[in-house]
1. Each label point is 7 Å from the Cα along the Cα-to-Cβ direction; what then is the distance between the points at Ser108 and Ile92, in nm?
2. What per residue convex hull volume, in Å³, do the alpha-carbon atoms of the stretch 118-157 yield?
3. What list of ³J(HN,Hα) couplings, whole Hz, do you get for the stretch 201-215 from phi and the Karplus terms 6.51, -1.76, 1.60, once you set θ to phi - 60° and write x for glycine and proline?
4. Between Tyr48 and Glu79, what's the calculated FRET efficiency when r is the beta-carbon distance and R0 is 41 Å? Round to 0.05.
5. What trypsin sites (Lys or Arg not before Pro) in the stretch 47-102 are in a loop by DSSP, with at most 16 other Cβ atoms within 10 Å of the Cβ?
6. Once you've got the Cα coordinates, tell me which of Lys67/Lys162; Lys99/Lys162; Lys67/Lys207 are over 20 Å apart.
7. What are the aspartates and glutamates whose alpha-carbon lies under 16 Å from the alpha-carbon of Lys166, with same-chain residues fewer than 8 places away excluded?
8. Counting Lys and Arg as +1 and Asp and Glu as -1, each charge on the Cβ, what is the dipole of the stretch 57-211 about the Cα centre in debye, to the nearest 20?
Amino acid sequence: MKKLLRLLATPLFAAALVLTAFSGPARADVPQSDAELAAEWQTAWDTYRFYDSTPPPLPGSGRSRDKASISIEIDAPVEHVFAAYSDINHHIGMHSFLKRVVTHDDRSQAGTRTIDFTAIEEIPYQGTIVTSKTHAQQRIDHAGLRYETDTWSLPGVVTHQKIVFKELDNGKTEVTERLIFDADTSLIDFVVTNGVASHEQTQAALKQAIESGEL
């Protein structure tokens, strides 16, 4: 079990979806077209809006909410860190499972850029590949040097992320991620543990890529 938990400490909360995918026989998923993913994203958005309308989850709902905050310092100017870090496409290659990001809509209004997308992960399991899909909406505030991302993935895992970038006196940048997790009560501890580990892994990879000049 400990080995499985380590393997499932992957970004974008594939861990929670894998629990559902692995509840039946392992199988190879049929690839979906971008249009099919867009339709699935829209259905998820219309149904869940990627958040609970009355937070925290109501008593008796069978769902729970938990929070976490993680920070990292990156030795680069804040404008550069913000531009590199907030581009979800730069997260591809930061770990082995995230294979692509499908953008469904990209629009700007009143200083906020809103991006609707689906992140695709391919997770090896017992000789086959399980596909994990995370539907998300990202809202980037360039002037405020911050962005928010709401995500939804099976089995009903919702996350709320607020990422803030602060310029430090030594020319470095502090990146703070404030995370909120909503999930079935039976899954919440698993989701939080693996969600935080996933974000810490991505933070460390982005830090190395930015400081090395790769990004």
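Taken together, the values in this text are just the output of simple stated rules run on the coordinates, not laboratory data. Quick caveat, the model's predicted, so the values are computed rather than measured. Using ideal geometry, Cβ is built from the backbone for each residue, glycine included, and neighbour counts are taken over all protein chains shown.
1. 2.2
2. Values: hull volume 3.0 nm³, N = 40.
Output value, Cα hull per residue: 74 Å³.
3. 5, 5, 4, 5, 5, 5, 4, 5, 5, 6, 5, 7, x, 4, 10
4. Details: r = 34 Å, r/R0 = 0.83.
Between Tyr48 and Glu79 the formula returns 0.75.
5. Values: sites: Arg49, Arg63, Arg65, Lys67, Lys99, Arg100; in loops: Arg49.
Within the stretch 47-102, the qualifying trypsin sites (Lys or Arg not before Pro) (loop, at most 16 other Cβ atoms within 10 Å) are Arg49.
6. Values: Lys67/Lys162 11 Å; Lys99/Lys162 24 Å; Lys67/Lys207 23 Å.
From the list (Lys67/Lys162; Lys99/Lys162; Lys67/Lys207), the Cα-Cα distance tops 20 Å for Lys99/Lys162; Lys67/Lys207.
7. Glu73, Asp75, Glu79, Asp141, Glu148, Glu174, Glu177
8. Details: 15 positive and 22 negative charges, 65 e Å.
Roughly 320 debye, rounded to the nearest 20.
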